[in-house]
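Working notes for the structure below.
Where a number appears in this text, it was derived from the coordinates with a stated rule and is not lab data. Worth saying up front: this structure is predicted, and the values here are computed from it rather than measured. Because the Cβ atoms are built from the backbone with ideal geometry, glycine has one as well, and the counts that use them run over all protein chains shown.
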Amino acid sequence: MKLSALVFLFIGFFTLNAAEVRLSDEELKKMIGHLLIVGFDGQSIDKDTKIVKQIQKYELGGVILFDKEFNDRTKTKNISSKEQLQQLTSSLKSFAKKPLLICVDQEGGKVARLKPAYGFDATPSAKVVSEMDGYMSKHIYNSLANTLSSSGINCNFAPVLDLALNEKNSVIQGLNRSYGSDPKEVVRYATIAIEAMKEKQILAVAKHFPGHGSSSDDSHKGFVDVTNSWSEIELEPYRELIEQNSLAMIMSAHVFNAKIDKEYPATLSYNTNTKLLRQQLGFDGVLVSDDMQMGAISKHYMLKQSVTLAINSGIDMLLFGNQLSTQDIDELVEVIYTQVKNGEISYVRIAESNERVASLLKQAR
């Protein structure tokens, strides 16, 4: 992807701040808003709803929808039926001043927000799909793409490219989220899923880079170290799909891997996100963080530190699901804005990511 002339103009001046390029505070905050995907409460919205005001004020990059509250599975968060979801996504798009990513985690199996209980067709898990032939898997993912499209969803946090390398892995293998341990088989089925969604102008998000399949712990809960279990074979699905130009979006993992970075987990790691993913593997699409409120990040880093490290590492979009905790969006924008103004985050990084996100949004319905 070619960066705009504006980015090229400033690419050599990494200490350049927003004041020097004469951006207004409002303009800079909107550029920051473009890089945020956030969760919110409610099954319906109107012009006075808080999320609507934030979408309009900051031109947020996207929202993520969930069916249930994380800490109370009896409470509905955003999704209760086909008709309700169609109305919600239609309203979100009508209130947004620019294209808006409307995201879900619809992998299939146990990780699915659009469930048969709400009137949606069931999506099998990756493990189940991996036991099917090409014809049946195409049928499954065409059905998934049709469901997402008719629901107004334009971004799906799937497929999972993690390899099933650790039988004791509870968060990937334990939930049947992997297509298997063979990178070629993972690529085969992931490609079918990606192409089915692409036909419906739905952005697929491959995850979790650089590999969560060999881990023993759950990054939702806290620190996860894969240094002794991770191997370079976990990069193979990414390498092949990047070479095929199949990936528009990749999601980072919160895993710590001293083989790549001796100090930071992947989401906060320049070695991982810029040196490895961008420079070595050649990825030029949008890199989105896994949820910044997961324990692997939130229990070890303050908000200012985590967002600064993530953006500087090469992350383009920050995900705050507002499921594990609640993050005030005004505060979030203000923290990043202050870090740009004081030079801790370069304007160049904000501009680069805005360029990638703008290009991405042209691909979404």
Interchain or sequence-distant (5+) residues whose placed amide H lies within less than 5 Å of the amide H of PHE209 are MET251, SER252, ALA253
When a/c is below 1.5 the answer is rounded, else prolate if a/b is larger than b/c, else oblate, so apply that to the stretch 164-284 with a ≥ b ≥ c taken from the square roots of the Cα gyration tensor eigenvalues.
oblate
Once you have the Cα-Cα distance between ARG188 and LYS50, take 0.36 nm times their residue separation minus that, and quote the gain in nm to one decimal.
45.5 nm
Looking only at the chain, where both bridge partners belong to it, what percent of the DSSP beta bridges are antiparallel (to the nearest 5)?
15 percent
Segment LYS362-GLU131, length gained on full extension (0.36 nm per residue, minus Cα span)
79.7 nm
Given H placed on each backbone N at 1.01 Å, which residues far from GLY39 in sequence or on other chains put an amide H within less than 5 Å of it?
ILE64, PHE320, GLY321, ASN322
Fully extended, how many nm does the chain gain between ASP41 and GLU26 (0.36 nm per residue separation, minus their Cα-Cα distance)?
2.8 nm
Net charge near SER181 (other residues with Cβ under 12 Å of its Cβ; Lys, Arg +1; Asp, Glu -1) is -4
Isotropic mean projected area of the C-alpha convex hull, the stretch 5-361 (nm²):
16.5 nm²
Where a label projected 7 Å from the Cα of LYS110 along Cα→Cβ would reach, residues of the stretch 59-85 with amide N under 19 Å
67-74
Evaluate the distance, in nm, between pseudo-label points positioned 7 Å from the Cα of LYS198 and of GLU243 along their respective Cα→Cβ axes.
1.6 nm
Mind giving me the nanometre distance, one decimal, between the label points for SER143 and THR338, set 7 Å out from Cα along Cα→Cβ?
5.1 nm
At a Cα cut-off below 25 Å, give the lysines reachable from LYS299, other chains included and same-chain residues fewer than 8 away excluded.
LYS68, LYS77, LYS168, LYS207, LYS221, LYS259, LYS262
